[in-house]
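The values are calculated or read from the model by the stated rules, or taken from the named source; none is laboratory data. Quick caveat, the model's predicted, so the values are computed rather than measured. Here the Cβ is made from the backbone with ideal geometry for all residues, glycine too, and neighbour counts use every protein chain on show.
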Amino acid sequence: MTNGHGGGEYKDLVVFLAAAGVMVPLVNRLKISPILGFLAAGVLLGPDGLARFSDALPWLSWATISDPGQLAQLSELGVAFLLFMIGLELSWERLRALRRLVFGLGLMQVVACTVVLAALFMLTGQPLAGAVVLGMGLALSSTAVVMPVLAERGRLKGVVGRSTFAVLLAQDLSVAPILITVTVLAALAQSAGLGGSVLEPAVLGRALLTLVPAAIGLGLLVLLGRIVLRPMFRSVARARRAEQGGELFVAASLLVVIGAGLAAQAAGLSMSLGALVAGVLLAETEFRREVEVSIEPFKGLLLGVFFVGVGLGLDLDAVAADPAGVFGLALAIVAVKAAVVFGLARLWGLAWRPALETALVLAPAGEFAFVVFATGLVEGVASPGITAAVALSATISIFCIPLLALLGQRLTRPAAGAPHDPGPDAVGAVPDPGEGATVIVGFGRVGRLIGEMLREHDQPFIAVDADPATVAAGRRAGFDVFYGDAGRSEMLLRCGVMTTRALVVTMDSPAKVDEVVRVARPLREDLILIARARDDQHAARLYALGVTDAVPETTEASLQLAENTLVDLGVPMGLVLASIHERRDQFRRAFQAATPESRRHRPMRALRNSQLNHRRPSPTE
């Protein structure tokens, strides 16, 4: 009788979860990227860390990870989830806004770094295919580490954040072609091994034929996704609206990621590539933001498993055996990439300060280097010995990203009184679909009319509604409407509430209006927050919750009836509008005075209202 139910088979997973519960809050308190915390946890808890002392201290075997293979499958899922989230961000609007930097600077960086690094590896005696695999892997940077580090240092706004994001986006777009290229290199090497040169037409033809099943599988995946994804999520959303589908939406999101990954594997492609394709297909649907909110916790945790696995792979014995070689190679990788990125950034018109800072944060290797290396090993085109050494140095370089970001900011800090040259691409920040737009919560009759008026006056907006039928109707009419529950802070953040100009809540349910207001106000005290109220009492309650303006239906209907009556009786329009505005202000002051808490928001509301440039008509108009 085996001891199969003693719990030992889940020990490493429990250790990881415990480490996540300790390390992530600790590094957050220290203002360090959680990714570095996971890397450090992998090093500390791995076979070359505390586990090496388990013979002397047996209890350490229960507090360390002894079998990294247990986390391997979860690690692969983490990478798939990261690529899926990247796919969700690859909207046409974002690509259009950054097309010059993405398809110019970004793609040129990938090509130039690959060529330079591959040439250097060939000089050390590596074959062409292996050198290209190493060069392509190292050409990529760490989106998962660089972006949080820049955000923590407040560098996402402006030219550094814009150029860095563009290059990382280009690298993300390059992952799929790189993985396919590795497969082509493997086919070429195999065909050449059967006799003949890799440049002969017959050899090239045999290599390309090996991609036919993968191409067919990828095409079927795209076709099936376009046919199935929207109806499936619409059905789940209807079930959720009937208070039956909260868990179903999460399950559907997980099904798409894992199912697309497995389908890609069956077609001879990587699981990560399938997840990326699924994300791109969902990016243009109305369910994109709800999917992002649903899988964010899983993505973060599973990606943490991936980085713990990277940390576990850091062979401390190898580092101790040749520290000069390991750190020297890491320094060489950083130096070569920094030089290439800096030169290209200057060529693309960036001033030297942002170009240097961009080059330093992009110089280390990225998480996809390990994916490319693993694919190269599986395909047999990468040498295990040199690949392991390069992966070790790449891991060391990732640990250096926060230090390089700090160094770049210090070196590029302009001297006092020196003119600041932001460069031609410095206008604006990293583009966000919701940035600067009004967010309308609820897109029924009231919300849609507000949207039509905003469009008539060229004011950008996005809308959120929890009714899939309403969302579908709005999108058919050409409006930018998304499915989701705006009563959650995660959804509002995904809709850009931190950069939006105003939030308008239009639902006909007073309880839902209150819920959205309670969530939105703490996120931004300076947010213009306008809400629909059922009656005077509801309006007073909304002012107590901190809205800028509450519009009670009963009061507005009475004022509209009075206005029409006075105009029909022959009273001049200017006098009527002035008196209506005056009476509306009296009601507003009465609602605000109904609760002492609202007084704290009055100065803020007065300032925001003045920014709207409202003009009261004169009696002579």
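Remarks
- When Ala345, Ala388, Ala335, Ala394 are checked against the criterion of being assigned to a helix (DSSP H, G or I), in the same structural domain as Thr124 (by TED's automatic domain parsing) and free of Cβ contacts under 8 Å to residues at least 40 places away in the same chain, Ala335 stands alone in meeting it.
- Residue identified as at pLDDT 75 or above and either assigned to a loop (DSSP other than H, G, I, E, B) or closer than 19 Å to Val381 by Cβ (or both) among Thr164, Thr181: Thr181
- In this entry, Gly325 is excluded by the filter for residues that are at pLDDT 85 or above and within 21 Å of Cys113 (Cβ to Cβ).
- Of the residues making up the range 162-177, those that are surrounded by 24 or more Cβ atoms within 10 Å (Cβ to Cβ) and of a type in the set (Gly, Ala, Ser) number 2.
- Among the residues of the range 329-352, just one is among the basic types (Lys, Arg) and over 26 Å from the mean Cα position of the chain (by Cα), namely Arg346.
- Flag for Ala51 being modelled with pLDDT under 75, part of a helix (DSSP H, G or I) and touching a Ser or Thr at 6+ places or on another chain (Cβ under 8 Å): yes
- Residue in the range 108-124 that is under 30 Å from Ser253 (Cα atoms) and either outside the structural domain of Arg353 (by TED's automatic domain parsing) or at pLDDT 75 or above (or both) present: no
- Restricted to the range 451-567, the set of strands (runs of 3 or more DSSP E) holding at least 3 residues that are touching a residue at least 40 places away in the same chain (Cβ under 8 Å) comprises 481-483, 502-505.
- Residues that are modelled with pLDDT of 85 or more, under 38 Å from the mean Cα position of the chain (by Cα) and surrounded by fewer than 15 Cβ atoms within 10 Å (Cβ to Cβ) do occur in the range 525-539.
- Within the range 234-256, the only residue that satisfies the criterion of being β-branched (Val, Ile, Thr) and modelled with pLDDT of 85 or more is Val256.
- Any hit, the range 364-377, residues being hydrophobic (A, V, I, L, M, F, W, C) and surrounded by fewer than 20 Cβ atoms within 10 Å (Cβ to Cβ): yes
- Residue pairs whose Cβ atoms lie under 6 Å apart, separated by 6 or more positions or on different chains, with the first residue in the range 124-150 and assigned to a loop (DSSP other than H, G, I, E, B) and the second at pLDDT 90 or above, are Ser141/Leu362.
- Residue count, the range 378-409 (criterion: buried (at least 23 other Cβ atoms within 10 Å of the Cβ) and of a type in the set (D, E, K, R)): 0
- Checked against the criterion of being surrounded by fewer than 21 Cβ atoms within 10 Å (Cβ to Cβ) and over 28 Å from the mean Cα position of the chain (by Cα), the range 301-316 contains one or more residues that satisfy it.
For (1) surrounded by 23 or more Cβ atoms within 10 Å (Cβ to Cβ); (2) of a type in the set (Val, Ile, Thr); (3) in contact with a helix residue (DSSP H, G or I) (Cβ under 7 Å, 6 or more places away or on another chain), each residue gets a yes or a no:
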site	(1), (2), (3)
Glu456	no, no, no
Thr470	no, yes, no
Gly478	no, no, no
Phe482	yes, no, yes
Asp485	no, no, yes
Glu490	no, no, yes
Thr499	no, yes, no
Val519	no, yes, yes
Leu523	no, no, yes
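- Among all residues of the range 578-594, there is at least one that is more than 29 Å from Arg288 (Cα to Cα), without any contact (Cβ under 8 Å) to a residue 40 or more places away in the chain, β-branched (Val, Ile, Thr) and part of a helix (DSSP H, G or I).
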